[in-house]
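Right, one structure below, let's go through it.
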Amino acid sequence: MIVDTGDAVLVSHRRMFERDEARFFVGRTIASDGPLLKVEGFTFVRDLSNGRVVKKEEKRIKVLSLASPGHIVYQLPSDINVETTDIASSNGDAILVDGSRQIMNLSERTHCGHF
């Protein structure tokens with residue numbers, strides 16, 4: 001299996017329509033069977049009132065398929081603390097952080113036109 005039990009992952013739900021909002025899930029794999037993953041962690045959604053990405057307080061267990069075109073799954077560093085991860089958002093950017101450590105830029109926009 002390409003993702004092992006205990007691996008930290010970020011799941012991005014692929015936006016299918018123009019007005020779909022970005023949704024993320026950060027967690028650790030607790031079981032896998034073929035393309036299926038059972039992951040325990042936290043959901044992040046965009047707050048429509050201010051545009052920031054917020055972490056839902058309750059821990060959840062998701063079952064998802066790596067074969068689904070609706071999910072983009074990223075493997076995160078093994079030392080990440082899923083409990084304390086957050087998404088810092090400002091000026092249209094969304095950065096996955098673990099404490100003060102920046103893990104990944106989740107923004108969908110280009111870098112101000114610079115390549």
Subject >> Residues satisfying the stated conditions in the stretch 65-91, i.e. modelled with pLDDT under 90 and in a loop (DSSP other than H, G, I, E, B) >> reply: 66, 67, 68, 69, 70, 91
Original post:
Here are some conditions: (1) at pLDDT 85 or above; (2) under 13 Å from residue 96 (Cα atoms). Residue 32 meets all but one. Which one does it not meet?
Top reply: (2)
Original post:
Which of the following residues is touching a Gly at 6+ places or on another chain (Cβ under 7 Å) and within 25 Å of residue 3 (Cα to Cα): 82, 97, 63?
Top reply: 82
**OP:** Determine whether the stretch 18-35 contains at least one residue that is surrounded by 11 or more Cβ atoms within 10 Å (Cβ to Cβ), touching a Lys or Arg at 6+ places or on another chain (Cβ under 6 Å), small (Gly, Ala, Ser) and part of a strand (DSSP E or B).
**Re:** yes
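The values are calculated or read from the model by the stated rules, or taken from the named source; none is laboratory data. It should be emphasised that the depicted structure is a prediction, and the values quoted were computed from it without experimental measurement. A quick note on method: Cβ atoms are made from the backbone with ideal geometry, for glycine too, and the neighbour counts reach across all protein chains shown.
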